[in-house]
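Colleague: Below is a structure I'd like to ask you about.
The values are calculated or read from the model by the stated rules, or taken from the named source; none is laboratory data. It should be emphasised that the depicted structure is a prediction, and the values quoted were computed from it without experimental measurement. Counting neighbours? That spans all protein chains shown, and the Cβs are built from the backbone with ideal geometry, glycine included.
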Amino acid sequence: MSAARPDAQGHFGPYGGRFVPETLMEPLRELEAAWLEARRDPAFREDLAGRLRDYVGRPTPLTFASRLSDELGCRVWLKREDLCHTGAHKINNALGQALLVKRMGKTRVVAETGAGQHGVATATVCALLGLECVVYMGTEDMARQAPNVRRMRLLGAEVRPVEGGSRTLKDAINEAMRDWVTNVRTTHYLLGSVLGAHPYPAMVRDFHAVIGEEARSQVRSQAGALPDVLVACVGGGSNALGLFAAFFGDPVEMVGVEAGGRSPRPGDHAARFLNERGGAVARPPGPPPAGRRSESVVPPSLGSGSAVGVLHGTRTYLLQDEAGNVLPTHSIAAGLDYPAVGPEHALLRDEGRVRYTAVSDDDALAAFHRLSEREGIIPALESAHAVAWVMKEAASLAGKLVLVNLSGRGDKDLGILDD
């Protein structure tokens with residue numbers, strides 16, 4: 001199995017698609033055409049690869065966490081996306097999309113951000129390429145990620161506070177999309193995850209596929225074998241798909257870790273695949289579908305308020321009440337605090353190819369401190385969710401080779417620890 005190509009309408013089985021106002025259909029088609037053309041253009045691929053190498057700092061290292069491995073009884077390797085320029089994986093996609101903006105002849109970029117790392121990456125590549133940049137950010141996230149707000153402004157971006165709703169990522173996306181609708185002729189919406197209307201889910205995944213491509217080669221060279229288990233945190237899900245995509249054809253277990261928050265009660269977490277008892281929901285009964293087909297089983301509800309619905313242009317699993325209203329979410333990690341998940345993740349869950357689970361705020365904080373103290377690596381709170389799962393499951397992982405995607409660094413989160 002290789003990374004999925006959506007159908008012509010952008011569907012991953014029953015998920016995905018384009019659920020947007022008519023005014024956005026043409027810019028989406030324009031973006032899709034530019035992306036498909038650029039993928040075939042050797043000059044574009046060479047330019048992107050050169051900038052990823054010389055500007056972003058790729059390939060990022062694969063680090064063996066020796067002290068943590070000794071304590072846990074499994075072999076833990078870390079893919080170090082925290083060492084990318086700007087401190088997270090987000091710049092892979094931001095750079096790729098910004099080069100498409102130049103290719104399309106547009107001059108202005110709008111973006112949304114929660115943890116701030118996508119906003120910083122977007123501001124960075126706009127400064128690099130001479131593009132006007134406006135970043136929307138909920139005031140709740142601005143308060144808890146203040147260092148990244150200062151970085152974006154230092155890079156020349158305008159950061160527009162969003163006061164509506166929960167004042168977090170969902171509301172920032174709403175405002176960015178309103179801006180885009182108003183200014184489609186000059187403006188590109190640089191979406192930061194494998195979310196939104198087609199072509200964003202597949203395009204963003206492709207720009208992050210370099211993570212898995214590097215990791216697969218590195219782990220074979222450095223550890224002498226493929227991993228037994230891949231682990232990544234899942235908010236929208238871009239860092240996870242970036243890692244997983246290169247391994248879909250291998251006999252490797254894949255685990256996506258969502259934000260379990262304070263409790264499994266609706267409003268206390270941001271886990272789309274969590275049941276009311278706090279456990280991961282099993283995939284639908286029966287054998288997984290033979291391929292990514294539209295007749296894949298779609299359960300009406302997963303519990304804890306999760307059901308299939310449409311948000312921000314895509315059909316996927318979504319935290320909502322019985323009337324279809326989007327539920328509030330919570331996570332100590334701002335980048336995981338979002339009510340929907342990327343449509344390809346929804347299909348991977350139905351097929352049973354990826355196991356989805358969740359860890360709590362407290363467990364993520366414990367992992368944050370433990371990795372910092374044992375390995376001298378301060379992870380982003382988002383990434384700490386993946387580390388926390390490995391810590392909790394250590395007994396079942398004994399002797400196994402576990403590769404964790406360390407999607408970002410934790411200096412942005414130090415203020416949260418003082419609250």
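Colleague: Please go through region 59-90 and give me each residue that is hydroxyl-bearing (S, T, Y) and not in a loop (DSSP other than H, G, I, E, B), ordered by number.
Modeller: Going residue by residue through region 59-90, those that are hydroxyl-bearing (S, T, Y) are 60, 63, 66, 69, 86.
The answer is T63, S66, S69.
Colleague: Here are some residues: R144, R108. Which one is in contact (Cβ under 8 Å) with a residue 60 or more places away in the chain, farther than 25 Å from W35 by Cα, assigned by TED's automatic domain parsing to the domain that holds L48 and charged (D, E, K, R)? Before the answer, list the steps.
Modeller: Numbers: R108 fails: farther than 25 Å from W35 by Cα.
Of R144, R108, the one residue that is in contact (Cβ under 8 Å) with a residue 60 or more places away in the chain, farther than 25 Å from W35 by Cα, assigned by TED's automatic domain parsing to the domain that holds L48 and charged (D, E, K, R) is R144.
Colleague: Does E382 meet the test of being acidic (D, E), in contact (Cβ under 8 Å) with a residue 12 or more places away in the chain and surrounded by 24 or more Cβ atoms within 10 Å (Cβ to Cβ)? Outline the logic, then answer.
Modeller: Numbers: acidic (D, E): yes; in contact (Cβ under 8 Å) with a residue 12 or more places away in the chain: yes; surrounded by 24 or more Cβ atoms within 10 Å (Cβ to Cβ): yes.
Yes.
Colleague: In contact with a His (Cβ under 7 Å, 6 or more places away or on another chain), of a type outside the set (S, T, N, Q) and in contact (Cβ under 8 Å) with a residue 12 or more places away in the chain: does that describe R18?
Modeller: Values: in contact with a His (Cβ under 7 Å, 6 or more places away or on another chain): yes; of a type outside the set (S, T, N, Q): yes; in contact (Cβ under 8 Å) with a residue 12 or more places away in the chain: yes.
Spelling it out, R18 is indeed in contact with a His (Cβ under 7 Å, 6 or more places away or on another chain), of a type outside the set (S, T, N, Q) and in contact (Cβ under 8 Å) with a residue 12 or more places away in the chain.
Colleague: Only one of (1) without any contact (Cβ under 8 Å) to a residue 24 or more places away in the chain; (2) in contact with a helix residue (DSSP H, G or I) (Cβ under 9 Å, 6 or more places away or on another chain); (3) at negative phi fails for T168. Which number is that?
Modeller: (1)
Colleague: Being in contact with a strand residue (DSSP E or B) (Cβ under 7 Å, 6 or more places away or on another chain) and not in a helix (DSSP H, G or I), is that true of even one residue in region 167-182?
Modeller: Yes: region 167-182 contains one or more residues that are in contact with a strand residue (DSSP E or B) (Cβ under 7 Å, 6 or more places away or on another chain) and not in a helix (DSSP H, G or I).
Colleague: Of everything in region 209-264, what is among the aromatic types (F, W, Y) and part of a helix (DSSP H, G or I)? Give them in sequence order. Reasoning before the result, please.
Modeller: First pass over region 209-264, keeping only residues among the aromatic types (F, W, Y): 244, 247-248.
Those that are among the aromatic types (F, W, Y) and part of a helix (DSSP H, G or I): F244, F247.
Colleague: In region 81-99, is there at least one residue being modelled with pLDDT of 95 or more, over 19 Å from the mean Cα position of the chain (by Cα) and of a type in the set (A, V, I, L, M, F, W, C)?
Modeller: Scanning region 81-99 turns up at least one residue that is modelled with pLDDT of 95 or more, over 19 Å from the mean Cα position of the chain (by Cα) and of a type in the set (A, V, I, L, M, F, W, C).
Colleague: Still on this structure: Which of the residues that make up region 75-97 are more than 19 Å from F64 (Cβ to Cβ) and charged (D, E, K, R)? Before you say what the answer is, go through the steps one by one.
Modeller: Initial filter on region 75-97 (more than 19 Å from F64 (Cβ to Cβ)): 84-97.
Scanning region 75-97 gives a single hit, K90.
Colleague: Continuing with this model, one more query. For I377, indicate whether it is surrounded by fewer than 24 Cβ atoms within 10 Å (Cβ to Cβ) and assigned to a helix (DSSP H, G or I). Talk me through it step by step, then tell me what you get.
Modeller: Values: surrounded by fewer than 24 Cβ atoms within 10 Å (Cβ to Cβ): yes; assigned to a helix (DSSP H, G or I): no.
No, not satisfied.
Colleague: Can you tell me which residues in region 108-139 are over 17 Å from G96 (Cβ atoms), touching a helix residue (DSSP H, G or I) at 6+ places or on another chain (Cβ under 8 Å) and surrounded by fewer than 24 Cβ atoms within 10 Å (Cβ to Cβ)?
Modeller: Hits for region 108-139 are E132, V134.
Colleague: Quick check: anything in region 20-34 among the hydroxyl-bearing types (S, T, Y) and buried (at least 20 other Cβ atoms within 10 Å of the Cβ)?
Modeller: Of all residues in region 20-34, those among the hydroxyl-bearing types (S, T, Y) come to 23.
Retained after the next criterion (residues that are buried (at least 20 other Cβ atoms within 10 Å of the Cβ)): none.
Taking every residue of region 20-34 in turn, none turns out to be among the hydroxyl-bearing types (S, T, Y) and buried (at least 20 other Cβ atoms within 10 Å of the Cβ).
Colleague: Kindly indicate the residue of region 172-208 that is touching a helix residue (DSSP H, G or I) at 6+ places or on another chain (Cβ under 8 Å) and of a type in the set (S, T, N, Q) and also nearest to E22 (Cα to Cα) among those meeting that condition.
Modeller: Looking at the filtered set, the residue picked out is T187.
Colleague: Against the definition (closer than 24 Å to G50 by Cα and among the basic types (K, R)), how does R103 come out, yes or no? Break it down into steps so the answer makes sense when it comes.
Modeller: Working: closer than 24 Å to G50 by Cα: yes; among the basic types (K, R): yes.
For R103, the condition - closer than 24 Å to G50 by Cα and among the basic types (K, R) - is met.
Colleague: Taking region 395-419 on its own, how many of its residues are crowded, with 17+ Cβ neighbours inside 10 Å and either at pLDDT below 95 or among the small types (G, A, S) (or both)?
Modeller: Here the count works out to 6.
Colleague: Something else now. Of all residues in region 1-41, count the ones that are more than 21 Å from the chain's Cα centre (by Cα) and part of a helix (DSSP H, G or I).
Modeller: 15
Colleague: A follow-up question, please. Looking at (1) modelled with pLDDT of 95 or more; (2) within 27 Å of V326 (Cα to Cα), which is the only condition R167 fails?
Modeller: Among (1) modelled with pLDDT of 95 or more; (2) within 27 Å of V326 (Cα to Cα), R167 violates only (1).
Colleague: Within region 42-58, is even one residue outside any helix (DSSP H, G or I) and over 15 Å from F207 (Cβ atoms)? First the steps, then the outcome.
Modeller: First, the residues of region 42-58 that are outside any helix (DSSP H, G or I): 57-58.
Next, only the ones that are over 15 Å from F207 (Cβ atoms) stay: 57.
Looking through region 42-58, at least one residue is outside any helix (DSSP H, G or I) and over 15 Å from F207 (Cβ atoms).
Colleague: Given the criteria surrounded by fewer than 22 Cβ atoms within 10 Å (Cβ to Cβ) and without any contact (Cβ under 8 Å) to a residue 60 or more places away in the chain, does G212 qualify?
Modeller: Numbers: surrounded by fewer than 22 Cβ atoms within 10 Å (Cβ to Cβ): no; without any contact (Cβ under 8 Å) to a residue 60 or more places away in the chain: yes.
Against the criterion (surrounded by fewer than 22 Cβ atoms within 10 Å (Cβ to Cβ) and without any contact (Cβ under 8 Å) to a residue 60 or more places away in the chain), G212 does not qualify.
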